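Reading through the structure tokens given below for one structure.
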Amino acid sequence: MVLIGPAGAKGSMSLVKQCIALEIPYMFDPGFILTQVSNEDLVLGVRGAQIIIGNDYEIALIKERVKDWQEFFPQKTVITTLGEKGALINDKGKFMKLRLASIRKW
């Protein structure tokens, strides 16, 4: 499993294409490259990924830009980070919520 994080649009998309060509599973965390990649590249990255990771804004932006996301998100694990509120995990229809432990100041 390869983690493809934001490594610049060209770098990230190069890794996506290599993973697809070599049939290597990957997690896709597009982060700040969402504003740098075309819709076509974003669809390629999201469709090929086994796991999609992003904060709530990024996941909403992916859903806005990838018109048929409803067709393939159910077969994926989607991790939505929520900052201090933790994270939501949708693992192929099984939903889980992770909460961050409170941090104590000494």
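The values are calculated or read from the model by the stated rules, or taken from the named source; none is laboratory data. Everything numeric in this text was worked out from a predicted model, so none of it was measured. All Cβ positions, even for glycine, are placed from backbone atoms using ideal geometry, and neighbour counts span all protein chains on display. These area figures cover heavy atoms from the full protein model, side chains too; ligands, DNA and RNA do not enter into them. Shrake-Rupley method; radii C 1.70, N 1.55, O 1.52, S 1.80 Å.
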Among 42, 22, 88, residue whose mean-square fluctuation peaks in a GNM of the chain (springs only between Cα atoms under 10 Å): 22
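With a 1.4 Å probe and every protein chain left in place, work out the accessible area per residue of the chain in Å², rounded to a whole number. Display every interim value, and only then the final one.
Details: 6880 Å² over 106 residues.
Dividing the accessible area of the chain by its residue count gives 65 Å².
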Listed residue (45, 78, 25) projecting farthest to the positive dipole end of the chain, Cβ model: 78
Could you state the per residue volume, in Å³, of the convex hull enclosing the Cα atoms of the chain? 114 Å³
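Suppose R0 equals 22 Å; then what is the FRET efficiency for residue 14 and residue 50 from their Cβ-Cβ distance, rounded to the nearest 0.05? Walk me through the numbers on the way to the answer.
Numbers: r = 19 Å, r/R0 = 0.85.
With R0 = 22 Å, the Cβ-Cβ based efficiency is 0.75.
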Among 61-68, 46-53, the order from most to least packed when residues are scored by Cβ within 10 Å on average: 46-53, 61-68
Amide H neighbours of residue 82 under 5 Å, counting only residues 5+ apart in sequence or on other chains, H built in-plane at 1.01 Å? 87, 88
How much accessible surface area, in Å² rounded to 10, belongs to the heavy atoms of residue 100 with a 1.4 Å probe? 110 Å²
In nm, spacing of pseudo-spin labels at residue 60 and residue 82 (7 Å Cα→C-beta vector): 1.4 nm
Say each of residue 7 and residue 22 gets a label point 7 Å from the Cα, pointing the same way as Cα to Cβ; how far apart are those two points in nm? 1.0 nm
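Helix-only estimate, please: 222 nm mean residue ellipticity of the chain, summing -39500 (n - 2.57) across DSSP H runs of length 4 or more and dividing by its residues, to the nearest 500. Spell out each step's value before the answer.
Values: 4 runs with 38 residues, N = 106.
Rounded to the nearest 500, the figure is -10500 deg cm²/dmol.
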Counting only the heavy atoms of the protein chains, how much of residue 57 is accessible to a 1.4 Å probe, in Å² to the nearest 10? 150 Å²
Let's test the formula: R0 of 30 Å, r as the Cβ-Cβ distance of residue 39 and residue 99. What FRET efficiency results, to the nearest 0.05? 0.30
